[in-house]
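What follows is a set of notes on a single structure, which appears directly below.
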Amino acid sequence: IVVTAEKLIDTKTSTTKQQVSGEALSELPVENLEEAVALKAGVVAQGGELHFRGGRAGEVRFQVDGVEVTNSLNNASASVANLSVATAEVLSGGFDAEYGNVQSGVINLQTREGGRSFSGELKYMTDDYGAPERTYNNYDNILFGMGGPLFTERIRYYMSGEGRFSDTYLPTNT
């Protein structure tokens, strides 16, 4: 009789890691990364703020490529275009010393990098289908991203942007 075992629980850390990939972000019915993070276990979105495991909204740290982008005065985070996200790690629970004074959660974004050949993506989303009686909020969202080599194959770039336009809930004039 041969018995094999696999260690499923890491006893050296108490941090829970969940990931959101860039592909999943574009496939999910969400407008931004915060809405995708709110779908993860232990995270609640309320009033436009994220709460990790019952903590306050100001106790969440946002990092882009390992650099903290949370404003310490008002706890506002940087806005990152959806197409520029390669992966996002959502950490909750106990934290190692590398995260400093984090109390509730960490969202660590890894941005996309340019490839060996030029590529780009353009998306346009709207709820206006041309009929004035069917324009709900006249919501328009345009996203673009492009990247590739710059002069040589060793130097690469990736840039992206996003624009959101919306009227109010009031009827629009034709």
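Derivation of every value follows stated rules applied to the coordinates shown; laboratory data play no part. All figures in this text were calculated on a predicted structure; none of them were measured in a lab. Reconstructed Cβ throughout: ideal geometry from the backbone, glycine too, with neighbour counts over all protein chains shown.
Length gain on complete extension for the stretch Glu31 to Glu59, per 0.36 nm per residue less the alpha carbon to alpha carbon distance?
Values: separation 28, 0.36 × 28 = 10.08 nm, distance 2.30 nm.
Length gained between Glu31 and Glu59: 7.8 nm.
Straight Cα distances below 14 angstrom link Lys17 to the aspartates and glutamates Glu89, Asp96, with same-chain residues fewer than 8 positions distant left out. According to the square roots a ≥ b ≥ c of the eigenvalues of the Cα gyration tensor, what is the shape class of segment 1-83, taking rounded for a/c under 1.5, prolate for a/b larger than b/c otherwise, and oblate for the remainder? Prolate shape, in that a/c is at least 1.5 and a/b is the bigger ratio.
With a Förster radius of 25 Å applied to the C-beta separation of Val69 and Arg154, the computed FRET efficiency comes to 0.35.
For segment 70-110, pairs of C-alpha atoms spaced more than 16 angstrom apart make up 46 percent of the total.
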